[in-house]
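I have placed the structure first, in the form of structure tokens, so that the comments after it can refer back to it.
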Amino acid sequence: MLDRRKVWNRLEGREPLEVVEDQGQLLVKGRAFEERFPRAELLQDNCAICLHRNPVVYDELLGEAVPEQTGVDRYADIRAVEALTPEEKWQYFEELIAPCIRCYACRNACPQCYCPLCFVDESKPQWVGKGLDKTDLRTFHFLRAFHLAGRCTDCGACERACPVGIKVRQFTKKLEKDVWERYQFEAGVIVEGRPPLDVFLPDDPQEFIK
Ligand code: SF4
Ligand code: SF4
Ligand code: SF4
């Protein structure tokens, strides 16, 4: 999927009216211009690293299967954040969420955020304040990310919906990475069984679980 912001940024104020794929490139047309871009440069960040370009489960596959990407480093950006000191990480996430206006478009667009009553909307008890207080802002982002651990498919809908361009996948992708590394589980791909964070095992090796 194309990243609209990347398209607009590359056009520097000119309005795109049509985008067509042509010989592996993207032809962007406007009122008095046509410009070509390499397809990879305008993809959403999650699409650029996607390993499942074909549906994993389907009844009917429309069209031909497309080649899957290989040799993709899915977590380069997350490793860069992991390598920061605690103080640098704090600063990084403070700056990341600073423009947030708490519109909840990221949550509303997320296919995994389907709770009848989200924790941010609950008032008895109230888990988090409604305003832009820094602590409340952090609580919203951290808690929502943890709620998506083992369930986030990295579909990118949250980032696409954010009106101020916050890379909210920086939270969920870290948890997606951890779930993969610890449990070799990828949400939306393994159909049989329950997600690893959704099961209780009496012989769980981690004492604190009991
Ligand atoms: S990338 Fe993850 S958190 Fe964002 S919308 Fe998709 S499933 Fe939800
Ligand atoms: S943020 Fe948590 S509580 Fe709210 S809808 Fe998403 S999963 Fe449910
Ligand atoms: S969509 Fe963007 S601005 Fe709105 S709550 Fe989510 S991160 Fe904040």
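Given axes a ≥ b ≥ c from the Cα gyration tensor, I'd like to know whether region 1-43 is rounded (a/c under 1.5), prolate (a/b larger than b/c) or oblate.
The shape class here is oblate.
Take the chain, connect every pair of alpha-carbon atoms lying under 10 Å apart with a spring to form a Gaussian network, then pick out the residue of 130, 167, 177 with the largest mean-square fluctuation.
So, out of 130, 167, 177, the one fluctuating most is 130.
Need one word for the chain: rounded, prolate or oblate. Basis is the Cα gyration tensor (sqrt eigenvalues a ≥ b ≥ c); a/c below 1.5 gives rounded, then a/b vs b/c decides. All intermediate terms of the calculation are to be shown ahead of the outcome.
Working: a/c = 1.91, a/b = 1.34, b/c = 1.43.
Oblate, because a/c is 1.5 or more while a/b does not exceed b/c.
Starting with the fewest neighbours, write out 183, 114, 75 ranked by other beta-carbon atoms found within 10 Å of each beta-carbon.
Fewest-to-most ranking of 183, 114, 75: 114, 183, 75.
Just give me a number: lysine pairs in the chain, eight or more positions apart or cross-chain, with C-alpha atoms less than 27 Å apart.
23
Per residue of region 145-151, in order, report the coupling 6.51 cos²θ - 1.76 cosθ + 1.60 (Karplus, θ = phi - 60°) as ³J(HN,Hα) in whole Hz, putting x for Gly and Pro.
Residue by residue, region 145-151 yields 4, 5, 5, 9, 4, x, 10 Hz.
Using Cα pairs closer than 8 Å and at least 6 residues apart in sequence, work out the relative contact order for region 141-210, in percent.
After rounding, I find 34 percent.
Go ahead and estimate [θ] at 222 nm for the chain from helices alone: -39,500 (n - 2.57) per DSSP H run with n ≥ 4, summed, over the residue count, rounded to 500.
Computed mean residue ellipticity for the chain: -9500 deg cm²/dmol.
Could you tell me what a quarter of the Cα convex hull surface of region 72-188 works out to, in nm² with one decimal place?
Its Cα hull, projected and averaged over all orientations, spans 7.9 nm².
Residue 43's amide H: which non-local residues (gap 5+, or another chain) put their own amide H closer than 5 Å, with H modeled 1.01 Å from N in plane and none for Pro or chain starts?
Sorted by chain and number, the residues that satisfy this are 3.
Relative to the longest principal axis of the chain, what angle (0 to 90°, nearest 10) does the C-alpha long axis of helix 169-183 take?
60 degrees
Once you measure Cβ to Cβ distances between cysteines in the chain, which Cys have no partner under 4.7 Å?
So, 47, 50, 100, 103, 115, 118, 152, 155, 162.
With axes computed from alpha carbons, what is the tilt in degrees of helix 86-97 against the longest principal axis of the chain, rounded to the nearest 10 within 0 to 90?
It works out to around 60 degrees.
Would you mind telling me which residue in 20, 128, 28 has the biggest mean-square fluctuation in a Gaussian network model of the chain, where springs connect alpha carbons within a distance under 10 angstrom?
Among 20, 128, 28, the largest GNM mean-square fluctuation belongs to 20.
How high is the relative contact order of the chain, given as a whole-number percent (alpha carbon pairs under 8 Å, six or more residues apart)? Could you put the intermediate results ahead of the total?
On the way: 203 pairs, mean separation 30.3, N = 210.
Across the chain, relative contact order equals 14 percent.
Only the coordinates and a few stated rules stand behind these numbers; no lab work does. Quick caveat, the model's predicted, so the values are computed rather than measured. So basically every Cβ, Gly included, is an ideal-geometry build from the backbone, and we count neighbours across all protein chains shown.
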